[in-house]
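Only one structure is covered here, and it is reproduced in the block below.
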């Protein structure tokens with residue numbers, strides 16, 4: 001059964017971005033992101049998509065939420081409101097992953113049923129933080145996995161999965 005999920009990586013201070021990009025390079029974390037989101041739809045804001053250099057990720061549908069009614073990217077579905085995103089979600093059979101920016105996590109906080117959070121063991125410099133008002137206490141942790149640094153991944157990180165309290169995944 002399809003669901004709306006949030007997925008992000010943050011440092012010890014809640015930092016999630018710098019100039020629309022990740023402040024770190026962790027190939028194992030990117031592989032986790034790919035595995036979790038494959039076959040789903042990814043929702044981001046325009047600035048986040050710009051930070052990805054407008055790259056479409058194979059095996060996933062790309063959705064952009066923007067107020068700009070003239071915005072167009074080849075191969076991308078551009079939506080203009082929360083309601084349009086939820087209507088799109090209701091009309092198809094894919095999971096939807098909210099992947100940022102920060103405003104989107106707040107905007108869809110009441111709709112998200114699962115969270116995939118990566119905590120990077122480091123402190124970085126940047127300009128975008130996960131929203132402090134996100135109701136994380138409405139969720140309970142269901143798993144965690146610590147990944148140790150190695151020659152290609154310079155920081156330890158932990159992969160957390162949370163589900164909304166009271167939410168039961170349909171079978």
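Candidates in region 31-67 are the residues that are loosely packed, with under 14 Cβ neighbours inside 10 Å and at pLDDT 95 or above; of these, the one that is nearest to residue 1 (Cα to Cα) is 39. Of all residues in region 68-82, those satisfying the criterion of being outside any loop (DSSP other than H, G, I, E, B) and either within 24 Å of residue 128 (Cα to Cα) or modelled with pLDDT under 95 (or both) are 78, 79, 82. Among the residues here, residue 151 qualifies as free of Cβ contacts under 8 Å to residues at least 12 places away in the same chain and part of a loop (DSSP other than H, G, I, E, B). Of the residues in region 83-105, how many are within 12 Å of the chain's Cα centre (by Cα) and either part of a strand (DSSP E or B) or surrounded by fewer than 17 Cβ atoms within 10 Å (Cβ to Cβ) (or both)? Result for region 83-105: 4. Within region 122-144, restricting attention to residues that are crowded, with 19+ Cβ neighbours inside 10 Å and outside any loop (DSSP other than H, G, I, E, B), the residue that is modelled with the highest pLDDT is 139. Exactly one residue out of 63, 119 is under 21 Å from residue 158 (Cβ atoms), part of a strand (DSSP E or B) and in contact with a strand residue (DSSP E or B) (Cβ under 6 Å, 6 or more places away or on another chain), and it is 119.
Count of region 145-171 residues, restricted to those that are exposed (fewer than 14 other Cβ atoms within 10 Å of the Cβ) and within 17 Å of the chain's Cα centre (by Cα), is 1.
The values are calculated or read from the model by the stated rules, or taken from the named source; none is laboratory data. Just so it is clear, the structure is predicted and the values come from calculations on it, not from any experiment. So basically every Cβ, Gly included, is an ideal-geometry build from the backbone, and we count neighbours across all protein chains shown.
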